[in-house]
Amino acid sequence: MKIFFRCRGGKFQGWGNVVRLARIAEYLHTKKIKVLFIFEGDEKIKKFLSKFKFKKIALEEDISIKKEMSIIKKLGEPKFTFLEMLDANLNLQYFYKSISEKLIILDDLLDKIYISDYLICCQSQNIKKTQILKDNNTKIFINSKYFPFNNNLLNNFKSSNLKKKISKILVFLGGGNYESALLKCAIALKKFNFDKVKFILPPNINSNLKKQLKNMSSNYDFKDTIYDVRTIFNEADLAIVSGGYTKLEAAIMKTPCIIIQTQWHQKNISSSFAKKTGCPDLGHMSSLKIEKIIFEIKKLKALRVRKKILSKYKNVVSRNGINNILKEVGISV
């Protein structure tokens, strides 16, 4: 059985699509299934993917559909194609559907027209399936139980025992261009006397801003983009995360979190997550207020508030995300 994966990532596209599909591809590769990972991405994305053993094909950025078709048609026809990218336009969908027995789209936005056999949203949100523009035969699954976590994350997680006092903070907003939000977090956190604040910096951060952040406090620690988030969440008593995937990683790692929406499309999924867990949602980073960050951190210093969040996490994440996806689309491993 041959399975294609098609995605795109980078500074403006974000990293989530690539990371998520790579996890599924890696899992299938370990099960001796032939995987071909087709992607658009910058050098940072290529470096990230180089550690995986499955076969990869890098397409040029903004490749035309005509050129992509000429390349991919030479590679044979897969039984399944997984497609996830911000611009999963109809031309791309029709092409991969034409060469595949089944086309599977992963999309948390649910704001496009879909002609796939399966549409899977790996985050719970308040939307009726009848509102989604889709082919009559498209099967839809919407639930954060489908989120494909990294195996290292699942196999090494901390206990549910929270410390009474918050001493270590993690700021992890993802791999995109979220510099203003990072700076506002740094300014807000100076108001507290935490033992350590760790910032995970995006790969394309402005060098002058990086220097400015490093000069703000001796308690601030900085790490470039990280792919194994297990250790950083294990160390943190509280995390400030994006409204995308990192909030779910905080949940599976049992780390109370504060959410900042780093993309406009995160409004619905962030709001839904906040309502189900009690984690503060600070809204989109463009309107982020330093005072609001300070206010919410002060509230979360109360142990009972953080304990309540942890008790609700188990209702929004599953340790079997990849297998839940494979079961729905009929892939046996």
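Restricting to helices (runs of 4 or more DSSP H) lying wholly in the stretch 268-333: which have 2 or more residues that are surrounded by fewer than 18 Cβ atoms within 10 Å (Cβ to Cβ) and among the β-branched types (Val, Ile, Thr)? It would help to see each step written out before you state the result.
Values: elements: 290-300, 303-313, 321-329.
Ranges flagged: 290-300.
Residues being within 14 Å of TYR27 (Cα to Cα) and outside any helix (DSSP H, G or I): count how many of those fall in the stretch 131-152.
Of the residues in that region, 4 qualify.
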Check: Using beta carbons and a limit of 7 Å, which pairs, at least six apart or on different chains, have the first residue in the stretch 277-291 and β-branched (Val, Ile, Thr) and the second one not in a helix (DSSP H, G or I)?
Finding: THR277/VAL316
Note to self: I need the full set of residues from the stretch 253-267 which are more than 21 Å from LYS298 (Cα to Cα), of a type outside the set (Phe, Trp, Tyr) and not in a helix (DSSP H, G or I), in order please.
What the structure shows: MET253, THR262, GLN263, HIS265
Note to self: Anything in the stretch 128-144 that is crowded, with 16+ Cβ neighbours inside 10 Å and either under 15 Å from SER270 (Cβ atoms) or out of contact with any strand residue (DSSP E or B) (no Cβ under 9 Å at 6 or more places or on another chain) (or both)? List them, or say none.
What the structure shows: SER144
Next item on the list: Restrict the check to the stretch 243-251 and report whether at least one residue is surrounded by fewer than 22 Cβ atoms within 10 Å (Cβ to Cβ) and either assigned to a helix (DSSP H, G or I) or of a type outside the set (A, V, I, L, M) (or both).
Entry: no
Next item on the list: Would you mind listing the helices (runs of 4 or more DSSP H) fully within the stretch 1-114 where at least 1 residues are surrounded by 22 or more Cβ atoms within 10 Å (Cβ to Cβ) and modelled with pLDDT under 95?
Entry: 16-30, 43-49
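Can you find a residue in the stretch 200-209 that is polar (S, T, N, Q), over 23 Å from the mean Cα position of the chain (by Cα), surrounded by 14 or more Cβ atoms within 10 Å (Cβ to Cβ) and farther than 20 Å from ALA250 by Cβ?
Residues of the stretch 200-209 polar (S, T, N, Q): 204, 206-208.
Pick out the ones that are also over 23 Å from the mean Cα position of the chain (by Cα) and you get 207-208.
Filter once more, so that each one left must be surrounded by 14 or more Cβ atoms within 10 Å (Cβ to Cβ): none.
No, the stretch 200-209 contains no residue that is polar (S, T, N, Q), over 23 Å from the mean Cα position of the chain (by Cα), surrounded by 14 or more Cβ atoms within 10 Å (Cβ to Cβ) and farther than 20 Å from ALA250 by Cβ.
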Notebook entry, point to check: List the pairs whose first member sits in the stretch 33-49 and is within 13 Å of GLU61 (Cβ to Cβ), whose second member is surrounded by fewer than 19 Cβ atoms within 10 Å (Cβ to Cβ) and among the small types (Gly, Ala, Ser), and whose Cβ atoms are under 9 Å apart, counting only residues at least 6 apart or on separate chains?
Noted result: PHE39/ALA58; GLU40/ALA58; GLY41/ALA58; ILE45/ALA58; LYS46/ALA58
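The values are calculated or read from the model by the stated rules, or taken from the named source; none is laboratory data. As the structure is a computational prediction, the values presented were derived from the model and not from experiment. Neighbour counts run over all protein chains shown; Cβ positions are idealised from the backbone, glycine included.
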